[in-house]
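The values are calculated or read from the model by the stated rules, or taken from the named source; none is laboratory data. This is a predicted model, so every value here is computed, not measured. Cβ atoms come from the backbone with ideal geometry, glycine included; neighbour counts cover every protein chain shown. The accessibility values were calculated without ligands, DNA or RNA, using every heavy atom of the protein model including side chains. Shrake-Rupley method; radii C 1.70, N 1.55, O 1.52, S 1.80 Å.
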Amino acid sequence: MQAKQYKKILHDLEGDVDIEGSCIVSRDGLLIYSDMPDTLHPEAFAAMTATLLGAAEAAMDEVKKGIPQKVVVEGKNFYIITTGAGPKALLSVITQSDDLEKTYKAVMKAAGKIEKML
């Protein structure tokens, strides 16, 4: 049942904004659900994004400024956006969107839906 709900959340997200791939990941880096392109290895991507967000959270804790809302990695023609989805999970997406603000809002909304499920 949860797989159907995860699929709907990611499908809705991809319908709202230009998302090329997305995955739901446990905080310890295990893949929960993936809608990634066949050219990627979702399990490896999941582990790396969890590490990325964990490091950002540790850095923010060190400077006593709360927790990061998101981590954004900017590549030549794309972005990886990772955000927490509650205490148990995170959401990571790949996008080429030119409207990052709209994409951020859609990703945060989807992360909120995931948090409510877990």
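Quick look at the numbers
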read-out: Eligible lysines near residue 7 by straight Cα distance, threshold 30 Å, same-chain separation 8 or greater; value: 70, 76, 88, 102, 105, 109, 113, 116
read-out: Mean Kyte hydropathy of -0.5 or more with a Cα span along the axis of at least 15 Å, helices from DSSP in the chain; value: 42-62, 100-117
read-out: Overall Cα dimensions of the chain, principal axis frame, Å, largest first; value: 37, 34, 25
read-out: Backbone HN-Hα couplings from phi across segment 24-41 [Karplus 6.51/-1.76/1.60, Hz, Gly and Pro as x]; value: 9, 10, 6, 4, 8, x, 8, 5, 9, 7, 9, 9, 9, x, 4, 6, 9, 9
read-out: Estimated inter-spin distance, residue 96 and residue 5, nm [label 7 Å along Cα→Cβ]; value: 3.4
read-out: Accessible area per residue, Å², segment 8-86 with all protein chains present, probe 1.4 Å; value: 58
read-out: Label-point gap, in nm, between residue 109 and residue 52 - each point 7 angstrom along Cα→Cβ; value: 2.3
read-out: Under 5 Å, built H, 5+ apart or other chain: amide partners of residue 32; value: 24, 25, 26
read-out: Pairwise FRET efficiency - residue 40 versus residue 67, Cβ, R0 = 25 Å, nearest 0.05; value: 0.40
read-out: At R0 = 41 Å, FRET efficiency that the Cβ-Cβ distance of residue 76 and residue 116 yields, to 0.05; value: 0.70
read-out: Charge dipole magnitude, Cβ of K and R +1, D and E -1 - the chain, Cα centre, debye nearest 20; value: 480
read-out: Carbon plus sulfur fraction of accessible area for the chain, probe 1.4 Å, in percent; value: 54
